[in-house]
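Following: one structure in structure tokens, then a few remarks.
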Amino acid sequence: METPEWRPEFNLGRRYQPSYNIAPTDITPVIVSAAHFSDAEDQKCSRVVMPMMWGMIPFWHKGDYRRHGLTTNNCRLEHLMDSKLYRGPFKRGQRCVVICEGFYEWQTTGPTKKPSEREAYLVFVPQKGDAKIYEKPQDVNLLRMAGLFDVWEDESGDKMYSYSIITFQSSKIMSWMHYRMPAILETDEQMNNWLDFKRVSDAEALATLRPATELKWYRVAKLVNNSRNKSEECNKPIELAAKPEKPAMNKTMMAWLNVPKKRVDQAKAEPNDPSDDEKQEREVQGKRRTSPDGGTIDSPAKRPRFRHCNGAVEVKSTET
């Protein structure tokens, strides 16, 4: 047994970021045969681990790789040889093994529920002894899923490696939860037969894909429903997961909601406006001035102004 070599790839600047809630279009570690990159005799059985994006990019796509519009997270085994997208990579021996601690699945069997109301589970392979996978054991048994990968190039010639996970109809072990399940490689022999494209024929490789016989699971919190939640609370049993904090409201929304309250407060703080009669009396007093003999002289009346929708209009008073 040799430790696989880590083979870094540019992948258009995308890098692998460990997460407790991997989602489609994320970059994850994938095992492939080293023979894809070297013809040396000693590389036939060697393995490399490299970063790839989950969700195969169609080779014919032009432009932004994120906008091809197809759902390519999973590849149905029943239609693999009929697919324009998957048939080529499979015939070229571009088989891969997707490694992870486990995968989330939502129960779709039983009474129909809205997607947001479905119960979510973490599915994983049995661990050694009494090790708990959510406690981050040092010697964790990884779950290995069969997949296909391809290489896409943009207009500049930069490459992006991407993959799809092979699925088939669920066996009895998972049919109570979901009608589909990934092709899990439980033994080293299965994994080697799937990866050794130069030694194992297409038919023999397909024969290694069979339903898993041993799986474990437990229910998790609905944190995993949102792919932006990446915390370690995602993979804990629902009874141990901390309740998520209430998300902070957008500052713009808060400011908009506070406008009526501010206006009410300002109205309470300001003195009441004088009545119309009081305003008129103040204006009259302001226009009067004292004559030399002690009397008062009225100032010429100010011309009234009227406003309509097109602007202000002055109306001149008639003087005798």
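The values are calculated or read from the model by the stated rules, or taken from the named source; none is laboratory data. From a predicted model like this one, the values you see are computed outputs, not experimental measurements. FYI the Cβ positions are ideal-geometry reconstructions off the backbone, even for glycines, and counts take in every protein chain you see. Surface areas here come from the heavy atoms of the whole protein model, side chains and all, with no ligands, DNA or RNA. Shrake-Rupley method; radii C 1.70, N 1.55, O 1.52, S 1.80 Å.
For the listed residue pairs 44/128; 136/159; 136/230, the alpha carbons are over 24 angstrom apart in 44/128; 136/159.
Placing unit charges on the Cβ atoms only, positive for Lys and Arg and negative for Asp and Glu, gives segment 1-126 a dipole magnitude near 580 debye about its Cα centre.
Were the residues from residue 135 through residue 83 laid out at 0.36 nm apart, the gain over their Cα-Cα distance would be 14.6 nm. Round to the nearest 0.05 the FRET efficiency obtained for residue 201 and residue 227 when R0 = 56 Å and r is the Cβ-Cβ distance. Efficiency at R0 = 56 Å is approximately 0.90.
Here the 3J(HN,Hα) profile of segment 227-234, calculated from phi with Karplus coefficients 6.51, -1.76 and 1.60 at θ = phi - 60°, is 5, 6, 7, 10, 6, 6, 6, 5 Hz, Gly and Pro shown as x. Annotation: extensible slack from residue 71 through residue 15 equals 18.0 nm (criterion: 0.36 nm per residue apart, minus Cα-Cα distance). Taking amide H positions as modeled 1.01 Å from N, with prolines and chain starts lacking one, the residues under 5 Å from residue 7 and 5 or more places away or on another chain are 49, 50.
Ranked by the mean number of other Cβ atoms within 10 Å of their residues, highest first, the peptides 92-103, 35-46 come out as 92-103, 35-46. What part of the accessible area of segment 71-154, given as a whole %, is carbon or sulfur when the probe is 1.4 angstrom? Carbon and sulfur together cover 48 percent of it.
The charge dipole of segment 1-53, taken about its Cα centre with unit charges on the Cβ atoms of Lys, Arg (+1), Asp and Glu (-1) only, comes to about 260 debye. With protein chains left intact and a 1.4 Å probe, residues in segment 1-127 average 56 Å² of accessible area per residue. Dividing the radius of gyration of the alpha carbons in segment 1-43 by their Kirkwood radius gives 1.04 for Rg/Rh. For segment 25-165, the convex hull spanned by the alpha carbon atoms encloses 174 Å³ per residue. Taking all protein chains into account, the per residue accessible area for segment 157-206 stands at 42 Å² (1.4 Å probe).
Label sites at residue 119 and residue 42, each approximated as a point 7 angstrom past Cα along Cα to Cβ, lie 5.4 nm apart.
For segment 95-192, the C-alpha radius of gyration sits at 1.33 times the compact-globule guess of 2.2 N^0.38 Å, with N the residue count. Convex hull volume per residue, computed on the Cα atoms of segment 1-95, equals 144 Å³.
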